[in-house]
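What follows is a short report on a single structure.
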Amino acid sequence: MLSSTVMSVSPRVPTPSSLTPPSPPSSSPVRAIPGSYGWPVLGPIADRLDYFWFQGPETFFRKRIDKYKSTVFRTNVPPSFPFFVGVNPNVIAVLDCKSFSFLFDMDVVEKKNVLVGDFMPSVKYTGDIRVCAYLDTAETQHARVKGFAMDILKRSSSIWASEVVASLDTMWDTIDAGVAKSNSASYIKPLQRFIFHFLTKCLVGADPAVSPEIAESGYVMLDKWVFLQLLPTISVNFLQPLEEIFLHSFAYPFFLVKGDYRKLYEFVEQHGQAVIQRGETEFNLSKEETIHNLLFVLGFNAFGGFTIFFPSLLSALSGKPELQAKLREEVRSKIKPGTNLTFESVKDLELVHSVVYETLRLNPPVPLQYARARKDFQLSSHDSVFEIKKGDLLCGFQKVAMTDPKIFDDPETFVPDRFTKEKGRELLNYLFWSNGPQTGSPSDRNKQCAAKDYVTMTAVLFVTHLFQRYDSVTASGSSITAVDKAN
């Protein structure tokens, strides 16, 4: 079970005092929002085909920036007609750092039921309960559930780093064996086992090994559960036009994963009793609310996010021998051999932190952010002001917003040391990947990811452990093709 003792050192990084992006100069003109939604039905379908088929999401947004000479414009984003009744694809895109920051200003926007835009997967996926990710800060339940999530993280901090390292050892032992046997080993299955194992021990307070079925297949159950909820909104690089016809045209029913979800629910119910009790007694949640929210944090937020993030991190390191040499030197010069990795022991690895941040900047686990206007207000980009009306849905695509040339030098290039030194640390104020800036603090009054610092510090542990164990690692696609073990 989770220890009730909380570490004196929580996940953290050196950050400057929070800076607010500058207000627009008084000379900024009020401009009509360019772009249009097109004809009903036809406009959304045309944009959907561009988004998924002809252009892809990133090119879709960049081409419209060029067309309208604006980082703020009207467009449509999937899902849309024919079978998404009641889903409005009309959005106002916000694609520079300044306009993007309005997505997190809870005074002017709300987050009710807009995690993936106007489309919301069936609440049957979460036990007919609207979990925290779909709650707005103005809803009383939000404070209870967000407080519960932050409490889980705080209490797990005493075991988090050690569980990460132990599970990493198992993962790399498996990969080493595969490389030795076949000169190449897929890392996806060992990686997902690693993620599922340490998260379950830290968040649920239970070892998956107590249930052979969960230990063997729990991560696969979560994969399917998350995938079916998001499938109408994501590209899977399947053969077109079959992807459009069969994968993006309708929402997927919960019964396809109902049996697996029930097994995960029963595992948490049986083995996560200490966590469930805290949810009930300390946060006034019912047992069902506690378990369904815990499963969402475990499966959708944490497992789903890390499953996307860690491959991006490995990809960022692969094929860069000079970068790997610098990271190896920093790790081994600042952490003595045999030292147990903790949040405290890795906090001064400036280059490792910067590489993690740069990966989040260019390859965020959650590329799209949404918010609905709580009231009429004026939204500003770097050079214009736009009138936003109550109810308008704002859509930010992070991979474009985080390559804002007015904020980041050489913005589309991976620069490993971008976030080092004083200037780099100031840039953290504009690193939006967690429903807020890296310098922000999660609370029950905002929608910033409760585990923001745990995510970055877990990634730092991942890289640090890598260069304690190996001199270099080579990856190709989803496989590790070579490892050079440390002497």
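The values are calculated or read from the model by the stated rules, or taken from the named source; none is laboratory data. All figures in this text were calculated on a predicted structure; none of them were measured in a lab. Glycine also receives a Cβ, built like all others from the backbone with ideal geometry; neighbour counts cover every protein chain displayed. Calculation scope for accessible area: heavy atoms of the full protein, side chains included, ligands and nucleic acids excluded. Shrake-Rupley method; radii C 1.70, N 1.55, O 1.52, S 1.80 Å.
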Per the rule of 0.36 nm per residue minus the C-alpha distance, extending Gln270 to Asp207 adds in nm 21.5 nm
In whole angstrom, largest first, the equivalent ellipsoid semi-axes that the Cα gyration tensor gives for segment 77-121 are 23, 13, 7
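Could you report the chain's accessible area per residue, 1.4 Å probe, as an integer in Å²? Display every interim value, and only then the final one.
Values: 20620 Å² over 487 residues.
Roughly 42 Å² per residue, with all protein chains present.
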Working note, segment 255-371: Cα radius of gyration (Å, one decimal) and Dmax (Å, whole number) are 19.6, 53
Taking protein heavy atoms only, a 1.4 Å probe, and rounding to whole percent, the accessible area of the chain owed to carbon and sulfur comes out at 54 percent
Note, segment 365-379: 3J(HN,Hα) by Karplus (6.51, -1.76, 1.60, θ = phi - 60°), whole Hz, Gly/Pro = x, goes x, 10, x, 10, 10, 10, 7, 10, 4, 6, 7, 5, 7, 9, 9
Taking every other residue with Cβ under 15 Å from the Cβ of Ser211 and scoring Lys and Arg +1, Asp and Glu -1, one gets -2
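If Asp404, Asp453 are ordered by their accessible area, calculated over protein heavy atoms with a 1.4 Å probe, which sequence runs from highest to lowest?
Per-residue accessible area, sorted high to low, gives Asp453, Asp404.
About the Cα centre of the chain, what is the dipole size in debye to 20, counting +1 per Lys and Arg Cβ and -1 per Asp and Glu Cβ, all else neutral? List each step's numbers first, then the result.
Values: 52 positive and 52 negative charges, 91 e Å.
It works out to roughly 440 debye.
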For Tyr470, the residues 5 or more places away or on another chain with a placed amide H closer than 5 Å to its own amide H are Ala486
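Could you please put Lys336, Lys124 in sequence from largest to smallest accessible area, using a 1.4 Å probe? It would help to have the intermediate numbers written out before the result.
Details: Lys336 155, Lys124 110 Å².
So, going from the largest accessible area down, we get Lys336, Lys124.
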So, for the Cα atoms of segment 370-487, Rg and Dmax in Å stand at 19.0, 62
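Taking only the alpha-carbon atoms of segment 243-301, what semi-axes of the equivalent ellipsoid follow from 5 times the gyration tensor eigenvalues under a square root, in whole Å, largest first? Please report the intermediate quantities before stating the final value.
Values: eigenvalues 181, 30, 15 Å².
Square roots of five times the eigenvalues give 30, 12, 9 Å.
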Note: segment 322-427, point scatterers on Cα, Debye, no solvent; log10 I/I(0) at q = 0.10, 0.20 Å⁻¹ equals -0.45, -1.09
Percent of all Cα-Cα pairs per 10 Å bin for the chain, counting from 0 up to the last occupied bin, reads 4, 19, 30, 28, 16, 3, 0
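What number, in percent, do you get for the relative contact order of segment 173-316 if the mean sequence gap of Cα pairs under 8 Å and at least 6 apart is divided by its residue count? Write down the numbers at each step before the final one.
Working: 99 pairs, mean separation 40.1, N = 144.
With pairs under 8 Å counted, the relative contact order is 28 percent.
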Between the alpha carbon centres of segment 333-406 and segment 447-487 the gap in Å comes to 20 Å
So the number of lysine pairs in segment 100-253 with alpha-carbon atoms under 24 angstrom apart, 8 or more residues apart or on different chains, is 13
Of all lysine pairs in segment 287-389 that are eight or more residues apart or on different chains, those with Cα atoms under 16 Å apart total 4
If each part is reduced to its alpha-carbon centroid, segment 204-277 and segment 67-108 end up apart, in Å, by 28 Å
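Could you quote the convex hull projected area for segment 104-192, Cα atoms only and averaged over all directions, in nm²? Each step should come with its number before you reach the end.
Numbers: hull surface 37.0 nm².
In nm², the orientation-averaged hull projection of segment 104-192 is 9.3.
Computed FRET efficiency, Cβ-Cβ of Asp128 and Glu329, R0 45 Å: what is it to the nearest 0.05?
It comes out at approximately 0.25.
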Expected field for Thr474, accessible surface area in Å² at 1.4 Å probe radius, rounded to 10, holds 60 Å²
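Rank these by accessible area, largest first, 1.4 Å probe: Lys258, Lys112. Walk me through the numbers before you get to the answer.
Working: Lys258 125, Lys112 95 Å².
So, going from the largest accessible area down, we get Lys258, Lys112.
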Nearest-0.05 FRET efficiency for Glu344 and Leu42 at R0 = 56 Å, using Cβ-Cβ distance, is 0.45
Answer in debye to the nearest 20: the dipole magnitude of segment 347-487 about its Cα centre, from +1 Lys/Arg and -1 Asp/Glu charges placed on Cβ, is 600 debye
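Size of the dipole of segment 126-196 about the Cα centre, Lys and Arg at +1 and Asp and Glu at -1 on the beta carbon, nothing else charged, in debye to 20? Intermediate results must be reported in sequence, preceding the final value.
Numbers: 8 positive and 8 negative charges, 10 e Å.
Dipole size: approximately 40 debye.
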Of all DSSP beta bridges having both residues in the chain, the percent classed as antiparallel (nearest 5) is 85 percent
